[in-house]
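Engineer: I am attaching a structure below and will ask some questions about it afterwards.
The values are calculated or read from the model by the stated rules, or taken from the named source; none is laboratory data. Here the structure is a predicted model, which is why all the values come from computation and not from measurement. Here the Cβ positions follow ideal geometry from the backbone for every residue, glycine too, while neighbour counts run over all protein chains shown. When the accessible area is computed, the model is the full protein with side chains, heavy atoms only, and any ligands, DNA or RNA have been set aside. Shrake-Rupley method; radii C 1.70, N 1.55, O 1.52, S 1.80 Å.
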Amino acid sequence: MLGLHEVMLRREVELTGLSEAEVKAKLTLSLEIMKRATERGLTADIKSVSGLIGGDAKKVREHSERTKSVCGSLMSRAISRAMAVLEVNAAMGKIVAAPTAGSSGVVPGVLLTVAEEFALDDAALIKGLLTAGAVGFIITRNATVSGAEGGCQAETGSAAAMAAAAVVEMMGGSPPAALHAAAICLQNVLGLVCDPIAGLVEVPCEHRNALGAANALISAEMALAGVASIIPFDEVVEAMYRVGHSLPCELRETALGGLAGTPTGQRIKKVLF
Ligand code: SF4
């Protein structure tokens, strides 16, 4: 059985006319941008343009290096990397939108940390990016990855599904197991609303990326252990789409409801604009 990453590579070659090596070279560039963003977010003093976020990724990393982390080292490193990328994004830095800017921390946070933990090389990471791309592509064709259209379940949920499937294939799991991981990820956040404070992709977005990273690792762990999603991936994607369209517009990136609609959220908006 072909892996999702192999199918995705063949698709890219067929549709773009590029060779396998050229497709992989493009992914290597994306990988480098991901590495630089996580590095910058964890080492530089970053503040978003609004001043709402910046510096928390470093706090999480330093805490886990200083003391025994509640989540464990692997999870903590993945979370801090995911947060780091969101901080770089909010500070107008360069990131890879995988699948969107608002969810850009999840895939690098998870993949780079798993590679670090298991001493996997860039070839394994490229394989992971292909798997992640395959899952993201399926979701965009059958549902959406847009918070404005489907809530945060569509944005950070899809990123988590992509990362979870990637981890499964990077760790030698089967394509069905990768799709179980993706399905578990999405079902874990069905209904998650998009409610960015003041309409900025900062709060709660940075924390949602950390949640996405954790969700991806948890789901990959279960799938690699043989746990299956009772509802098949394709049906979970359809359910996610339907749930997204059922959400009132206040909970889909309009910054009118959810956390954005709280007295504090509204007060911050007035101060900023
Ligand atoms: S809350 Fe909305 S803007 Fe923020 S990450 Fe989620 S989908 Fe994106």
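Engineer: May I ask you to rank 207, 180, 63, 5 by accessible area, largest first, using a 1.4 Å probe over the protein chains only? Present the calculation step by step, with values, prior to reporting the outcome.
Structural biologist: Working: 207 110, 180 60, 63 80, 5 35 Å².
In descending accessible area the options line up as 207, 63, 180, 5.
Engineer: Could you give the C-alpha radius of gyration of region 1-138 expressed as a fraction of 2.2 N^0.38 Å, taking N as the number of residues it contains?
Structural biologist: Values: Rg = 15.9 Å, N = 138, 2.2 N^0.38 = 14.3 Å.
Dividing the Cα Rg of region 1-138 by 2.2 N^0.38 Å gives 1.11.
Engineer: Could you give the angle, 0 to 90 degrees to the nearest 10, between helix 20-43's Cα long axis and the longest principal axis of the Cα atoms of the chain?
Structural biologist: With rounding to tens, the tilt is 30 degrees.
Engineer: For the chain, what % of the accessible area comes from carbon and sulfur atoms, probe 1.4 Å?
Structural biologist: 58
Engineer: Mind running the shape call on region 88-203? Use the C-alpha gyration tensor, a ≥ b ≥ c as the square roots of the eigenvalues: rounded below 1.5 for a/c, prolate if a/b tops b/c, oblate otherwise.
Structural biologist: Because a/c hits 1.5 or more and a/b fails to exceed b/c, region 88-203 counts as oblate.
Engineer: With the contact rule set at Cα under 8 Å and sequence spacing of 6 or more, what percent relative contact order holds for the chain?
Structural biologist: Values: 526 pairs, mean separation 53.6, N = 273.
So the answer I get is 20 percent.
Engineer: Shifting gears a bit: Using the Cα atoms of the chain, I'd like the radius of gyration and the largest Cα-Cα distance, Dmax, both in angstrom.
Structural biologist: 17.7, 56
Engineer: Quick check for you: with a 1.4 Å probe and neighbouring chains kept, what is the accessible area per residue of region 61-156, in Å²?
Structural biologist: Working: 3500 Å² over 96 residues.
That works out to 36 Å² for each residue.
Engineer: If you build the Cα gyration tensor of region 83-136 and take the root of 5 times each eigenvalue, what three semi-axes come out, in whole angstrom, biggest first? Please list the in-between numbers first.
Structural biologist: Values: eigenvalues 84, 36, 12 Å².
Each semi-axis is the square root of five times an eigenvalue, giving 20, 13, 8 Å.
Engineer: When Lys and Arg each count +1 and Asp and Glu each count -1, what net charge do the other residues less than 11 Å away from residue 256, Cβ to Cβ, add up to?
Structural biologist: Overall, the nearby charge balance is -1.
Engineer: While we're here: Please list 3J(HN,Hα) in residue order for region 161-166, calculated via the Karplus relation 6.51 cos²θ - 1.76 cosθ + 1.60 where θ = phi - 60°; whole Hz, with x for glycine and proline.
Structural biologist: Computed from phi, the couplings for region 161-166 are 4, 4, 5, 5, 4, 4 Hz.
Engineer: Between region 5-55 and region 165-240, what is the C-alpha centre distance in whole Å?
Structural biologist: So the separation of the two Cα centres works out to 19 Å.
Engineer: Okay, next question. Between residue 92 and residue 256, 0.36 nm times their residue separation minus their Cα-Cα distance comes to what?
Structural biologist: 56.6 nm
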